[in-house]
Amino acid sequence: MTRPGQHEHGVPYAEVDAGDVDASLFTQEPAPDGRGVIVSGRCPRCHGTTRTLFPWARPGTGSKGALGRLLGRGTASGAEDGPEPLLAEVHLCECGHAHPQCPPDTLYVGCGASWRIRR
Amino acid sequence: MSTRSDRRWAELARELEFTRLPELRRQAEGWRTGLTGLTALFAVLVLLKGRDDLSDLSEAARATATGLLFTAFVLLVAGSLLAVRAAHGTVEREILLGGQALRRWTEREVTRVTRALVRARLCCVLGVVLVVGALLVAWVTTPGSGGRPVIVKTGTGVVCGDLIRADRHHVEIRSGTNGEVSLPWTAIASLEPGAACGKAP
């Protein structure tokens with residue numbers, strides 16, 4: 001028996017949309033080593049503490065080149081990337097607990113829930 | 001966007017964390033190959049081809065042909081660079097990488113690559129058209145194949161034209177301005193082949 005608000009370890013893994021979650025329940029802060037931004041809070045489904053790192057990285061091959069920057073199509077750092085991860089991303093449960101039926105090769109170890117954060 | 005799609009984008013973003021270095025190296029290899037090809041093209045054009053192919057043309061024709069060739073060269077180089085950029089991307093700055101950020105970036109990149117490909121194709125076609133134009137200018141304005149004209153300097157002036165005949169007494173020349181001219185050897189100060197009549201000496 002778990003108390004309300006406690007991490008429910010027995011919730012089976014399921015890739016479900018948990019809808020919109022209020023932004024006051026989550027925080028966003030720079031990673032201590034400067035690698036990116038960490039969004040943390042409680043999963044709305046299993047109520048486990050979830051922490052997700054959004055690293056600074058190059059997404060692939062290509063983006064604004066030197067010509068684009070010279071012509072003013074490039075912008076200051078971060079401006080092209082859209083809103084901050086807290087509100088722009090779809091967040092996945094990453095409570096770290098392998099819930100029942102959790103796929104062994106999943107990149108997000110948790111209950112499988114996903115949600116968006118709204119103000 | 002469906003939950004499954006959102007999850008897939010998030011997983012792709014996370015997998016990129018493990019392929020950053022190979023991806024950068026692959027990009028560098030592509031650019032190295034492209035720039036090596038361009039360097040070879042420069043070497044061939046500048047060092048081997050030379051610039052004397054247009055020397056037989058008149059001033060105006062030479063300027064036109066040179067301008068066309070230079071513009072074509074710039075367009076072909078730009079087209080090559082655009083094609084390399086489309087194929088291998090370019091060095092870029094980092095973003096906060098999440099599934100939705102990756103999805104937005106992918107949508108933008110698809111637009112940019114498509115645009116680069118269209119421009120590359122346009123540059124290459126225009127470059128080839130200009131090269132053909134320069135060749136046409138050269139063919140049309142190159143003096144006829146009757147051989148190089150001769151320039152005869154006499155005590156009273158200069159006659160330029162095609163050599164008809166020369167014997168012990170006279171030199172006969174067909175000049176574009178004076179028609180057929182017969183000049184005695186005694187009146188000739190010098191006789192030499194010229195590149196083209198009407199050009200500055």
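Read-outs: derived from the displayed coordinates by stated rules, not from any lab. Note that the structure is predicted; figures quoted are calculated from it, not measured. Positions of Cβ are generated from backbone atoms using ideal geometry, with glycine treated the same way; all protein chains shown enter the neighbour counts.
Observations, loosely collected:
- Across region B:150-193, C-alpha contacts under 8 Å between residues 6 or more apart give a mean separation that, scaled by the residue count, equals a relative contact order of 41 percent.
- Inter-chain Cβ neighbour average for residues B:157-168, partner chain, 10 Å: 0
- Peptide-level mean, for A:46-59, of C-beta atoms on other protein chains within 10 Å: 5
- Think of it as helices only: each DSSP H run of n ≥ 4 in the protein assembly as shown is worth -39500 (n - 2.57), and spread over all residues that comes to -13000 deg cm²/dmol at 222 nm.
- If you bin all the Cα-Cα distances of region B:3-141 at 10 Å, starting from zero, the percentages per bin are 11, 28, 25, 17, 11, 7, 2, 0.
- Only one residue of B:77, B:151, A:114 has its Cα farthest out toward the positive end of the dipole of the protein assembly as shown, where Lys and Arg carry +1 and Asp and Glu -1 on Cβ, and that residue is B:151.
- Pair residue B:44, residue B:190: separation of 7 Å Cα→Cβ label points (nm): 4.1
- Computed from the C-beta positions of residue B:168 and residue B:55 and an R0 of 56 Å, the FRET efficiency is 0.95 to the nearest 0.05.
- The magnitude of the dipole of the protein assembly as shown, with charges of +1 and -1 set on the Cβ of Lys/Arg and Asp/Glu and taken from the Cα centre, is near 200 debye.
- Virtual spin-label span in nm between residue B:180 and residue B:70, 7 Å along Cα→Cβ: 4.5
- Unpaired by the 4.7 Å Cβ criterion, cysteines found in chain B: B:123, B:124
- Mean sequence separation of contacting Cα pairs (under 8 Å, at least six apart), scaled by the length of chain B, corresponds to a relative contact order of 22 percent.
- Ranked from largest, the principal axis spans of the Cα set of region B:150-193 equal 23, 20, 17 Å.
- Square roots of 5 times each gyration tensor eigenvalue, C-alpha, the protein assembly as shown, largest first, Å: 78, 15, 14
- Here the spin labels are modelled as points 7 Å beyond Cα on the Cα-Cβ line, and at residue A:20 and residue B:154 they lie 10.1 nm apart.
- Residue by residue along B:99-109, Cβ atoms of other protein chains within 10 Å of the local Cβ number 6 on average.
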